[in-house]
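Trainee: Before anything else, here's the structure in question.
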Amino acid sequence: MGRWEPNARERLELAALELFRERGYDSTTVAEIATRAGLTKRSFFRHFADKRELLFSGQELIVQLIADAIIGAPSSATPLDAITAALVAFDSIFDGERRALARERHAIIADNVELRERELLKHTTLTTAMARALRERGEPEAVANLAAEFGGLALNIAFARWIEPTAEKDFAPLARQAVDELRATTAALG
């Protein structure tokens with residue numbers, strides 16, 4: 001395959017996941033990923049800064065998805081209703097096709113300290129995006145920050161359930177369930 005063929009980015013992602021699974025993240029080179037994808041090393045760097053970023057691509061899309069959903073929530077929506085709208089919007093990218101890839105990605109990240117640190121940074125970025133969007137809706141900073149932390153926790157819970165080996169539910173109902181459970185838990189705190 002030549003570098004001009006379509007889906008180079010997707011081919012690189014799939015090749016990387018295969019190699020990470022076979023050889024481990026640390027033992028896989030960018031050159032090997034490019035070769036497996038039928039591309040050159042130079043083509044790899046047109047799409048990704050390094051192999052770590054390959055596992056975290058699409059973050060800008062997710063941040064925009066969050067902001068659009070929160071800002072686009074009805075004006076009568078509470079901060080948690082707006083957060084729920086953002087989490088439910090993930091259903092558009094967390095579809096059944098991506099579930100297996102997400103499981104693999106999660107397992108690779110869980111086995112590597114550097115990648116777990118990068119995952120925490122991603123979580124912080126998403127939480128910050130939620131808080132910023134809530135402030136744009138007019139919420140006070142403390143309310144926006146607390147609701148965003150709540151949303152980040154709900155996102156983690158829903159995602160963990162979505163990638164479970166026996167999971168079959170779509171992401172949206174899992175997100176709503178996580179929000180409802182956290183609301184009940186918060187109410188029980190007194």
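Trainee: List pairs: first in segment 142-161 and among the basic types (Lys, Arg), second in a helix (DSSP H, G or I) and surrounded by 22 or more Cβ atoms within 10 Å (Cβ to Cβ), Cβ under 6 Å, 6+ apart or cross-chain?
Mentor: Close Cβ pairs satisfying both conditions: 161/174.
Trainee: Does any residue of segment 89-109 turn out to be more than 26 Å from residue 15 (Cα to Cα) and touching a Gly at 6+ places or on another chain (Cβ under 7 Å)?
Mentor: Within segment 89-109, the first condition is being more than 26 Å from residue 15 (Cα to Cα), and the residues that meet it are 89.
Among the residues that remain, those that are also touching a Gly at 6+ places or on another chain (Cβ under 7 Å) are: none.
No.
Trainee: Say we look at segment 24-35 and pick out the residues that are farther than 17 Å from residue 110 by Cβ and not polar (S, T, N, Q); which of these is surrounded by the most Cβ atoms within 10 Å (Cβ to Cβ)?
Mentor: This residue is 33.
Trainee: Please work out if residue 73 is more than 29 Å from residue 23 (Cβ to Cβ) and either out of contact with any helix residue (DSSP H, G or I) (no Cβ under 6 Å at 6 or more places or on another chain) or outside any helix (DSSP H, G or I) (or both).
Mentor: Here the answer is yes, as residue 73 does meet what is asked.
Trainee: Go through the residues of segment 99-118 one by one and say whether even a single one is more than 21 Å from residue 21 (Cα to Cα), outside the structural domain of residue 20 (by TED's automatic domain parsing) and under 18 Å from the mean Cα position of the chain (by Cα).
Mentor: Checked segment 99-118: no residue is more than 21 Å from residue 21 (Cα to Cα), outside the structural domain of residue 20 (by TED's automatic domain parsing) and under 18 Å from the mean Cα position of the chain (by Cα).
Trainee: If you go through segment 140-151, how many residues are of a type in the set (Asp, Glu) and over 19 Å from residue 64 (Cα atoms)?
Mentor: 1
The values are calculated or read from the model by the stated rules, or taken from the named source; none is laboratory data. The model shown is predicted, which means the values in this text are computed figures rather than measured ones. Cβ sites come from the backbone with ideal geometry, for glycine too, and all protein chains shown count toward neighbours.
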